[in-house]
Amino acid sequence: MPLSSSLSVALKEWAVLDSAIEAGQQILLLRKGGICESIGGFQLEYPEFLIFPTYLHQNAAMLKSPWSGRVAKADAEPNTVRITTAAAVTDIVRVRDRKQIDAIDDQHIWLAPLIDMRFNYRPDNPLYLILIRASRLVDPVTITNTPAYAGCKSWVPLEKAISCEGAVPVIDEFRYAAQRRAILQRIGSLSE
């Protein structure tokens, strides 16, 4: 499934997670907000998006090695942000219990404390596992990190659309399909 030719919205994620996604080491996200129920399943507010790397709240103690060693300490967000990755959502699964995430421990860079934090944050809101097909931008873009992008929000409408023309999937279609299938099988969400 090809990406749109350009995108003008980004999802804020830790910079280290963006690196793991771009390296093909992770194809999933965990989210509590921005998802609505629709006929036939769940939908994300934006099914395609750029990844907006954030630095301030990254926590090396919540990441597996070697990713924990790649967290740069930051007292503030940088003045500029380099956008290198775009993603398309392929699946959204409501996570019913912790065992589902434990079953895919080899598929993500997070340690147990981060998983616990995601489950415990706003416990009345459901947790969703989002599978993404990530692509590396041919021409990464550095943007000014304006006050409009600041704060604790998931989605960032960008001032200018960023081209996704020629973006290259970070892993090939066969490997993505195999990882996707393995994750969905292990969490009990694959209908045959």
So, with points 7 Å from each Cα along the Cβ direction, the GLU159-ALA61 label distance in nm works out to 3.7 nm
Taking the chain as the region of interest, what is the percent of Cα-Cα pairs per 5 angstrom bin, listed from the shortest bin to the one with the maximum distance?
1, 7, 16, 20, 22, 18, 10, 4, 1, 0
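Evaluate the relative contact order of segment 67-192 (contact order divided by residue number), counting alpha-carbon pairs under 8 angstrom at least 6 apart; express in whole percent.
Values: 119 pairs, mean separation 45.4, N = 126.
Reported relative contact order: 36 percent.
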Give me the orientation-averaged projected area of the Cα convex hull of segment 118-170, in nm², one decimal.
5.5 nm²
Multiply the residue gap between VAL141 and ARG175 by 0.36 nm, knock off their C-alpha separation, and tell me the result in nm, one decimal place.
9.5 nm
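Ignoring ligands, DNA and RNA, what percent of the 1.4 Å accessible area of the chain is carbon and sulfur? Intermediate results must be reported in sequence, preceding the final value.
Details: 5110 of 10100 Å².
Ligands and nucleic acids excluded, carbon and sulfur give 51 percent.
Among DSSP bridges having both ends in segment 5-150, what percentage is antiparallel? Round to the nearest 5. Don't skip to the end; give the middle numbers.
Numbers: 26 of 31 bridges.
Expressed as a percentage, antiparallel bridges in segment 5-150 total about 85.
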Could you check which residue among PHE52, PHE119, PHE174 shows the biggest mean-square fluctuation in a GNM of the chain with a 10 Å Cα cutoff?
PHE174
Env charge @ SER19, Cβ radius under 15 Å, K,R +1 / D,E -1, value +2
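Per residue, how many Å² of accessible area does segment 125-192 show with a 1.4 Å probe?
Normalised by residue count, the accessible surface of segment 125-192 is 56 Å².
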For a test of understanding, tell me how many lysine pairs in the chain have Cα atoms under 20 Å apart, given they are 8 or more places apart or on different chains.
8
Helix-only CD estimate at 222 nm, as mean residue ellipticity for the chain, using -39500 (n - 2.57) per DSSP H run (n ≥ 4)
-5500 deg cm²/dmol
Using a Gaussian network model of the chain whose springs link C-alpha atoms within less than 10 Å, name the residue from GLY151, GLY166, GLY69 with the highest mean-square fluctuation.
GLY151
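The values are calculated or read from the model by the stated rules, or taken from the named source; none is laboratory data. Keep in mind the model is a prediction, meaning the values are calculated, not measured. Here Cβ is always computed from backbone atoms with ideal geometry, including for glycine, and neighbour counts include all displayed protein chains. Just so you know, the surface numbers come from the protein's heavy atoms only, side chains and all, with ligands and any DNA or RNA stripped out. Shrake-Rupley method; radii C 1.70, N 1.55, O 1.52, S 1.80 Å.
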